[in-house]
2 protein chains.
Amino acid sequence: MSTALPAPHLDQLFVQARTHNAWTPKPVTDDTIRALYDLLKWAPTAANSNPGRFVFVRSAEAKARLLNSVAPGNVDKVKEAPCCVIVAYDSEFHDLLPELFPSRDMRSGFVGKPELIAETAKRNSALQGAYMILAARALGLDAGPMSGFDHAALDAEFFPDGRWKSNFLCNIGYGDADKLFPRNPRLAFEDACRVL
Amino acid sequence: MSTALPAPHLDQLFVQARTHNAWTPKPVTDDTIRALYDLLKWAPTAANSNPGRFVFVRSAEAKARLLNSVAPGNVDKVKEAPCCVIVAYDSEFHDLLPELFPSRDMRSGFVGKPELIAETAKRNSALQGAYMILAARALGLDAGPMSGFDHAALDAEFFPDGRWKSNFLCNIGYGDADKLFPRNPRLAFEDACRVL
């Protein structure tokens, strides 16, 4: 049976971790990107569907394409970050279920049900994006997730065949702690939780 | 600057962690539930909106109400688990933004935009549900998330005023590792990721 991680590690993952908006020049290497995926991929998704897709935007050329669809308030953050991840999903993820869940037919439950497919893809790629944020922190990186961008414009630019679709963006890198904003409050347990 | 957590902790969070379907009798205490929320609440949401709501279902009476809306394949898992969490969202979360993001008016960007409200609430409560799964593992608990239930029936039973709405369910407790199924495969880096 597992025990709780030591307090400094809980701090690194949750309690002291902050959303970063400014970045040191330290790059995010290919090895780090692979290590990140090799952690996040293990966390759970519905029927092991793994609809999340991850586009790691690092080059100046790809950054320029991305900046065209980013909200004005996020342009500098994305420009400065060593890597911006497009957390996306495969809108036909169910076609891979025979490979991902070989012991049972999970695919036919989705065929011809576009609403169920979209809902499952969005929910589970969001879960996987959250796993990525915490996997980044577990590897000593910082994260800065963002929702402010034009989904249709980004999808047209990066996913012209229409199969992958964007969910949210997340800068990753090594944050400049001197440029953090004051932390906003959180809801009290009594306001967000009920025990029945 | 942070460094990577030691390998045994990465294993506990991601690499060796499994979705559990069978549970030991060890209970999930009030203190553990509070510790879980006190970790997950710090992880990021769009505009610090924190739309996620968490209903911890432990009592036999509340379990019985929940089981009415759970898919047949999930009934035994929910029945046996010491606690099943309804990961929900507040469909009027934006009314709390003046409290949660006091330095700027974030609320008015949502007023009168039901699609943006729903999309933001669903995406960010899913992120918060994923944070909960990893916070549980960080505390030495196991998790078993599930999508198979009747949303409308559950919401009518637990949230009759219509303000909170269900996103997904997640059993938490101390899993019985002897009853794990063989692990399903994951997508290769090349199939799920691109580096640009």
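The values are calculated or read from the model by the stated rules, or taken from the named source; none is laboratory data. None of the values given here were measured: they were computed from a predicted structure. Ideal geometry is used to build each Cβ from the backbone, glycine not excepted, and the neighbour counts take in all protein chains shown. SASA here: full protein model, heavy atoms, side chains in, ligands and nucleic acids out. Shrake-Rupley method; radii C 1.70, N 1.55, O 1.52, S 1.80 Å.
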Members of the stretch A:148-162 found to be assigned to a loop (DSSP other than H, G, I, E, B) and open to solvent by 50 Å² or more (accessible area, probe 1.4 Å), listed by number: A:Asp150, A:Pro160, A:Asp161
Which listed residue, of B:Val70, B:Val15, B:Val75, is of a type in the set (Val, Ile, Thr), open to solvent by 20 Å² or more (accessible area, probe 1.4 Å) and away from chain A (no Cβ under 11 Å): B:Val75
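Would you point out the residue of the stretch B:49-66, among those that are small (Gly, Ala, Ser) and free of Cβ contacts under 8 Å to residues at least 24 places away in the same chain, that is farthest from B:Leu39 (Cα to Cα)? Full working, then the answer.
First pass over the stretch B:49-66, keeping only residues small (Gly, Ala, Ser): B:49, B:52, B:59-60, B:62, B:64.
If we keep only those that are free of Cβ contacts under 8 Å to residues at least 24 places away in the same chain as well, we get B:59-60, B:62, B:64.
Numbers: B:Ser59: 24, B:Ala60: 27, B:Ala62: 25, B:Ala64: 29 Å.
The residue in question is B:Ala64.
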Boolean, B:Lys113 is among the basic types (Lys, Arg), more than 12 Å from chain A (Cβ to nearest Cβ) and closer than 30 Å to B:Pro27 by Cα: no
Residue in the stretch B:185-195 that is closer than 30 Å to B:Pro8 by Cα, among the basic types (Lys, Arg), within 9 Å of another protein chain (Cβ to nearest Cβ) and open to solvent by less than 40 Å² (accessible area, probe 1.4 Å) present: no
Subset of the stretch B:23-44 that is assigned to a loop (DSSP other than H, G, I, E, B), in contact (Cβ under 8 Å) with a residue 40 or more places away in the chain and of a type in the set (Val, Ile, Thr) - its residue that is nearest to the other protein chains (Cβ to nearest Cβ): B:Thr24
Condition met for B:Glu115 (in a helix (DSSP H, G or I), farther than 23 Å from A:Phe149 by Cα and open to solvent by 20 Å² or more (accessible area, probe 1.4 Å)): no
Selection from the stretch B:104-154 of residues that are more than 16 Å from the chain's Cα centre (by Cα) and closer than 16 Å to B:Arg53 by Cβ: B:Ile117, B:Ala118
Checking B:Met132 against (1) part of a loop (DSSP other than H, G, I, E, B); (2) surrounded by 24 or more Cβ atoms within 10 Å (Cβ to Cβ), the condition it does not meet: (1)
Residue list for the stretch B:18-31, filter: surrounded by fewer than 20 Cβ atoms within 10 Å (Cβ to Cβ) and out of contact with any Asp or Glu (no Cβ under 9 Å at 6 or more places or on another chain): B:Pro25, B:Lys26, B:Pro27, B:Thr29, B:Asp30, B:Asp31
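Go through A:Lys179, A:Lys165 for me and flag whichever is open to solvent by 50 Å² or more (accessible area, probe 1.4 Å), touching a residue at least 24 places away in the same chain (Cβ under 8 Å) and within 20 Å of A:Gly52 (Cα to Cα).
Numbers: A:Lys179 fails: within 20 Å of A:Gly52 (Cα to Cα).
Exactly one of A:Lys179, A:Lys165 is open to solvent by 50 Å² or more (accessible area, probe 1.4 Å), touching a residue at least 24 places away in the same chain (Cβ under 8 Å) and within 20 Å of A:Gly52 (Cα to Cα), namely A:Lys165.
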Per-region count, the stretch A:145-162, residues touching a residue at least 40 places away in the same chain (Cβ under 8 Å) and either touching a Pro at 6+ places or on another chain (Cβ under 9 Å) or at the interface with chain B (Cβ under 9 Å from one of its Cβ atoms) (or both): 4
Sole exception among (1) modelled with pLDDT of 95 or more; (2) open to solvent by 30 Å² or more (accessible area, probe 1.4 Å); (3) out of contact with any Asp or Glu (no Cβ under 9 Å at 6 or more places or on another chain); (4) over 20 Å from A:Ala121 (Cα atoms) for B:Arg104, by number: (1)
Conditions (1) more than 27 Å from B:Asp150 (Cα to Cα); (2) open to solvent by less than 40 Å² (accessible area, probe 1.4 Å); (3) within 7 Å of another protein chain (Cβ to nearest Cβ); number of the one not met by B:Phe54: (1)
